[in-house]
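This report concerns only the one structure given below.
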Amino acid sequence: MSADPSVAHRAAAILADSRPVTTQAAALYLDLHAHPELSGAERRTAGQLAAWLAHDRLRVVRDVGGHGVVGVLENGPGPSVLLRAELDALPVAERTGLPYASTVTGIDPDGRPVPVAHACGHDLHLAALAGAARLLAGARDRWRGTLLVVGQPAEETLYGARAMLDDGLYQRFGRPDAVLAQHTAPIPAGMVAHGAGAMLAGSRTFEVVIHGRGGHVATPHLTVDPIAAAAGVILRSQAIVAREAAPGEPAVVSVGSVRAGSRSNIVPDEARLDVTLRALRPDLLDRLAAALDRIVRAECAAAGCTEPPELRVVAESPVTEPDPALTAAVRAGHEELLGTSRVTTWPPSLATEDFPYFATDGVPVAYWMLGSVGPRQWSAGRAGGERGAGPAVIPGNHSPRFAPQLAGTLSTGIAALVTAALTRLGPGAPPD
Ligand SMILES: [Zn+2]
Ligand SMILES: [Zn+2]
């Protein structure tokens, strides 16, 4: 036997006959896309993934941290590699016009019916994960070690990764030597993009409650108007980024929801705001949070609120900063398999993820972006850019019109995962 073949060489051998599996994974994608489920309610989606993995004779454990699924494939001594994809969809009314578009309604946490769609591509991540798992399961002579295949619930609420870890993911299934994940992104289908340093922001979402004193609008002097105080918070908080972050340092302060009052002739008792803070450094996130706290308290004092405001952290996520050595190995594998023209560099984004929780206790993680824009959509986007409309012409993640191109995206996603897994899984026994 010659020396160890390269990662890409080993991946290419496994991917050589991948077309039937890709076709099966595409069917799984169409099924998942038409049956999206909200965060925390992913029962059917988890069942589909579990059945797929059981078919490939993985040991499947369900209900890990909610609807989480873990498939275990022990294949001799060697490193353990965890591949992760998300199970959940979003409360979005799909407007892609695709024949397999979602028409599903779910129930939101307040008990209201809402439209649901896979507007973030998690169905595609799952189909790629399933395809990669089937290919690796069918090529057990070509690698050694343990493969952990994880379907994670509740990513969009930034809750599911922690829930799975708190449910003993690493204690029950072993501490992995690498955790790998990918996410669809508005770059051409067929490409992947790796980051250097911080790739995605850390975030903190606050629910702010301002307590006023309700009454008749005709007697404003007898009331404390929480809406006027909330308006002060909204406007003043837009200066936080300009005055707390160094110029050139990305940060976001955004009020995403305002709830107060019922009619024009009533001053309500309270106003509620949902405020999200994002930054690429944890200490800057702390600084933004301190500024928000000061502004809310000061505006309430200025309005004459008799009760102090409440600021509650309702969701948070760490900065996504993949392990440099693992990322370099995965990127090199991708460049060798796909060619350097299909591997690009991801500039830091203020999107966020709960994936970095998997890096707990120093577990190395790698994360890359998976291009999902087809040539027609890409050209239309470029033309829009030339007209000055900018790249927003390409509907991105969370848009009702988000429509990844299945063909090039899925096959690349499967190839990227198989290759990345092989950077840490041991080489198989030489053929007889
Ligand atoms: Zn999302
Ligand atoms: Zn997502």
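The values are calculated or read from the model by the stated rules, or taken from the named source; none is laboratory data. The model shown is predicted, which means the values in this text are computed figures rather than measured ones. We place every Cβ from the backbone using ideal geometry, glycine too, and count neighbours over all the protein chains shown. Each accessible area value is taken on the protein alone, full model and side chains, heavy atoms only, with ligands, DNA and RNA left out. Shrake-Rupley method; radii C 1.70, N 1.55, O 1.52, S 1.80 Å.
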Out of the chymotrypsin sites (Phe, Trp or Tyr not before Pro) in the stretch 148-247, which ones are loop residues according to DSSP with at most 10 other C-beta atoms within 10 Å? none
Which residues qualify? For Cys305, with a placed amide H closer than 5 Å and at least 5 residues away or on another chain, they are none
Near Pro268, within a Cβ-to-Cβ distance under 13 Å, what is the net charge of the other residues, with Lys and Arg +1 and Asp and Glu -1? +1
Residues meeting the amide H criterion for Ala351 (H placed from the backbone, H to H distance under 5 Å, 5 or more places apart or on another chain) are Ala201
Enumerate cysteines in the chain without a disulfide-compatible partner, where compatibility requires another Cys Cβ under 4.7 angstrom. Cys120
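Counting Lys +1, Arg +1, Asp -1, Glu -1, what net charge surrounds Pro226 among other residues with beta carbon under 11 Å of its beta carbon? The partial results should precede the final answer.
On the way: positive: Arg213, Arg259, Arg272; negative: Asp225, Asp269, Glu270, Glu299, Glu307.
Result for the neighbourhood of Pro226: -2.
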Residues with amide H under 5 Å of Ile187's amide H, sequence separation 5 or more or different chain, H placed in the peptide plane at 1.01 Å from N; which? Ser372, Val373
Read phi for every residue in the stretch 149-166 and hand back ³J(HN,Hα) as whole Hz from Karplus 6.51 cos²θ - 1.76 cosθ + 1.60, θ = phi - 60°, with x for Gly and Pro. 10, 10, x, 9, x, 6, 6, 5, 9, 6, 10, x, 4, 5, 4, 5, 5, 5
Considering only DSSP beta bridges where both residues belong to the chain, give the percentage that are antiparallel (nearest 5). 70 percent
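Please report, largest first and rounded to whole Å, the three semi-axes of the ellipsoid equivalent to the stretch 201-317, where each semi-axis is the square root of five times an eigenvalue of the C-alpha gyration tensor. Numbers along the way, then the final one.
On the way: eigenvalues 169, 32, 24 Å².
The equivalent ellipsoid of the stretch 201-317 has semi-axes of 29, 13, 11 Å.
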Does the stretch 290-407 come out rounded, prolate or oblate by the C-alpha gyration tensor, with a ≥ b ≥ c the root eigenvalues, rounded set by a/c under 1.5 and, if not, prolate when a/b is larger than b/c and oblate if not? oblate
Helix by helix, which DSSP H runs in the chain go 15 Å or more along their axis at the Cα atoms and have an average Kyte-Doolittle hydropathy of 0.5 or more? 122-137, 226-237, 406-422
Distance between modelled label sites at Ala27 and Asp274, nm, 7 Å Cα→Cβ extension: 3.8 nm
Ser262 accessible area, 1.4 Å probe, all protein chains in place, Å² to nearest 10: 100 Å²
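Leaving out ligands, DNA and RNA, what percent of the accessible area of the chain is carbon and sulfur, probe 1.4 Å?
Details: 10100 of 18590 Å².
Here carbon and sulfur together make up 54 percent of the probe-accessible area.
Let me have the relative contact order for the chain, percent, based on Cα pairs under 8 Å that are six or more residues apart. Working shown, then result.
Working: 992 pairs, mean separation 102.6, N = 432.
Taking the mean separation of contacting Cα pairs over the length of the chain, I get 24 percent.
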Quick one: 3J(HN,Hα) in Hz for the stretch 258-263, Karplus 6.51/-1.76/1.60 with θ = phi - 60°, rounded, Gly and Pro as x. 10, 9, 6, x, 9, 8
In square angstrom, what is the accessible area per residue of the chain with a 1.4 angstrom probe? 43 Å²
Rounded to the nearest 10 Å², what accessible area does Arg259 show when all protein chains are kept and the probe is 1.4 Å? 90 Å²
Determine the distance separating the Cα centre of the stretch 180-247 from the Cα centre of the stretch 94-139; give it in Å without decimals. 27 Å
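Grab the DSSP H runs of the chain that are 4 residues or longer, score each as -39,500 (n - 2.57), total them, divide by all residues and round the 222 nm result to the nearest 500 deg cm²/dmol. Walk me through the numbers before you get to the answer.
On the way: 12 runs with 149 residues, N = 432.
Helix contribution divided over all residues of the chain: -11000 deg cm²/dmol.
Let me spell out the model: positive unit charges on the Cβ of Lys and Arg, negative unit charges on the Cβ of Asp and Glu, origin at the Cα centre of the chain. What dipole size does that give, in debye rounded to 20?
On the way: 37 positive and 43 negative charges, 144 e Å.
In total the dipole reaches around 700 debye.
What's the local net charge at Asp31, with K and R +1, D and E -1, over the other residues with C-beta under 13 Å away?
Numbers: positive: Arg44; negative: Glu37, Asp123.
Residues close to Asp31 contribute a combined charge of -1.
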